[in-house]
Amino acid sequence: MADLVKILSVLVFLILVLRRKVYLGTVMAAGSLLLALLYLTSPLRFLEGVYVAVMSSKSLEMTAALVFTMIIENILRRTDTLKRMVESLSAVLSDARVVMAAMPAMIGMLPSPGGAVFSAPMVAEAASGLTIKPEQKALINYWYRHIWEYVCPLYPGIILAAGMSRVPYEKLALANAPFALSQVLWGAIFCFAGIGAARRAKGEGVNRGRELAVFLLCVAPIFVTLLLVVAFKVNLVLAMGGVSAALYLFHRYPLKKVLQSLRESVSIKALFLVSSILIFQETLRVTGALAAISQFFAQSGLPPLLILTSIPFLAGVMTGLTVAYVGITFPILMPLIGGEAPNLGLLSLAFGSGFAGVMLSPMHLCLVLTREYFEADMAKVYRRLWVPAALVLAAGAVPVYLFRG
C-alpha cells in the first residue's frame with residue numbers, strides 16, 4: 001500500500017502541475033526527481049538510470065524517428081505541399097459531406113496544433129448552402145482531424161508507446177487499426193446525421209484527373225513511409241530518413257536551405273520531452289516502484305481490463321495530450337500489459353482508452369479552437385461527441401480478442 005500511495009502522489013503532482021500550463025518535459029523531469037526522493041534512491045543510482053533511459057538503443061531509435069517526423073512535417077508545410085493536397089482533393093470530390101470529412105482528415109495527417117483552425121474554414125466553405133448547426137460543423141472538423149493518431153508514424157504518441165513497450169511500431173499500428181476504422185465508421189453516422197447527399201459545383205475548367213494526380217503526389221511521402229514500414233518491414237528510422245532525404249532532393253533544397261530546415265524542424269524542447277518521459281519510466285524501474293505496483297495489482301482483485309482502461313482514460317481527460325497520458329501511465333501499466341513481453345491487445349486497449357480521454361478532454365487544444373471558430377455551444381458539442389467516442393473505445397474489444405494470449 002505504501003508503494004501505491006507514493007505512485008499516486010507522483011501522479012497527482014504531475015497532473016496538478018501540468019494543469020498550471022507548466023511545460024510537460026519539465027513536469028516529467030520533476031516527477032522523476034520526486035519519485036527518486038520518495039524511494040530514497042542514491043544520486044549515483046538515479047544518474048545511472050538517466051543514462052540508460054537516454055542512451056539505450058531503443059531510446060535512440062525512437063528519438064531519431066521523432067526527429068525525422070519533425071523534418072517531414074516542416075518540408076511538407078514549407079513547400080505548401082499540404083495546401084496543394086487540400087486544394088486538389090477539393091477539386092476532385094463532389095459530395096459536400098465527403099469534402100467536409102476529407103479536409104480535416106488530410107490536414108490531420110500532420111501533427112500540427114493549429115491544424116484544426118486551418119481546416120475549419122474549409123469545412124465551413126464545404127457546408128455553405130447547407131443547413132448545419134455550428135455544433136455539427138465543429139464535430140465534423142474535430143472528429144475527422146483525429147482519425148490518424150492511432151496508426152500514423154508521423155504522430156509522436158504511437159511512436160512513444162511503441163518505444164516504451166518495445167513493440168515494433170507496425171505491430172502496434174496494426175493492433176490500433178480497429179480504432180481508426182471505427183472512428184471513420186461512427187463519424188460517417190454521427191457527424192453527418194440529418195445531412196443528405198449534397199453535390200458541389202464542379203467549377204469551370206477543372207481537370208479532375210490532373211487534380212487527383214496532384215493529390216496523390218502530395219500525399220505520397222506519408223503513404224510511402226507507411227508502405228515501407230508496414231509492407232516491406234523497413235526499420236521506421238530508415239524509412240523516415242529515406243523519405244526525408246528524398247523530399248529534400250525532390251524539392252531541390254540547397255545545402256544552406258537544408259541546414260535551415262533542420263534548425264527549424266528539430267525542437268530541443270520536444271527532444272527533452274521524450275527524454276524526460278523515458279527517464280521517468282526508467283526511474284520507476286530503478287526505484288522498484290514498477291515491481292511493487294505489479295504485485296499490488298496482482299493482489300488487488302481489480303479486473304485488469306478496468307485498470308487498463310480507466311487510468312489512461314483519466315490521464316487523457318486531465319491532460320488532453322497523447323504524449324502526456326502515454327508518458328505518465330504506460331510505465332505504471334506495463335506490468336499489467338505484460339512487462340518485457342507485452343500483450344499487443346492490452347497495449348492497444350490502453351492506448352485507445354487514453355485517446356478516448358484526449359478526445360473528450362476540455363484541455364484538448366483542437367477542441368477549444370474548433371469550438372471558438374464555429375462559435376459553437378461546448379455543451380452541445382459534447383452531447384454530440386461522447387456517444388461516438390464511447391463506440392470507438394468499444395472497438396478495443398477487437399485487438400483484445402485477436403491478440404488474447
> Residues with amide H under 5 Å of ASP95's amide H, sequence separation 5 or more or different chain, H placed in the peptide plane at 1.01 Å from N; which?
Replying inline: ARG200
> Do the sum for the chain: with -39,500 (n - 2.57) for every DSSP H run of n ≥ 4, divided by all residues, what is the mean residue ellipticity at 222 nm, to the nearest 500 deg cm²/dmol?
Replying inline: -24500 deg cm²/dmol
> Of LEU33, LEU262, LEU44, which has the largest mean-square fluctuation in a 10 Å C-alpha GNM of the chain?
Replying inline: LEU44
>> Against the 2.2 N^0.38 Å scaling, with N counting residues, where does the range 1-148 land? I'd like the Cα-based Rg ratio to two decimal places.
In response: 1.51
> Which of PHE355, PHE250, PHE313 moves most in a GNM of the chain, Cα contacts under 10 Å?
Replying inline: PHE250
>> How many angstrom lie between the Cα centre of the range 100-177 and the Cα centre of the range 306-348?
In response: 21 Å
> Which residue, ALA124, ALA36, ALA379, has the most motion in a Gaussian network model of the chain that connects Cα atoms within less than 10 Å?
Replying inline: ALA379
> What are the chymotrypsin sites (Phe, Trp or Tyr not before Pro) within the range 106-165 that DSSP puts in a loop, where the Cβ has at most 11 other Cβ atoms within 10 Å?
Replying inline: none
> Which option, [x] 25.7; [y] 18.2; [z] 20.8, is the value of mean projected area of the Cα convex hull in nm² that was calculated from these coordinates?
Replying inline: [z]
>> For the chain, take the longest principal axis of its alpha carbons; what is the angle in degrees between that and the long axis of helix 322-337, to the nearest 10 within 0 to 90?
In response: 50 degrees
> Karplus couplings for the range 276-282 from phi (6.51 cos²θ - 1.76 cosθ + 1.60, θ = phi - 60°), rounded to Hz, Gly and Pro as x?
Replying inline: 5, 5, 5, 5, 4, 4, 5
> How big is the equivalent ellipsoid of the range 225-367 along its three axes, where each semi-axis is √(5λ) from the Cα gyration tensor, reported in whole Å from largest to smallest?
Replying inline: 35, 18, 16
> Pairing the Cα long axis of helix 208-226 with the longest principal axis of the chain, what angle in degrees results, from 0 to 90 and rounded to the nearest 10?
Replying inline: 10 degrees
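The numbers here are math on the coordinates, done by the rules we state, and not lab data. Owing to the predicted nature of the structure, the values given are computational and were not obtained by experimental measurement. Positions of Cβ are backbone-derived with ideal geometry, glycine not excepted, and every protein chain shown enters the neighbour counts.
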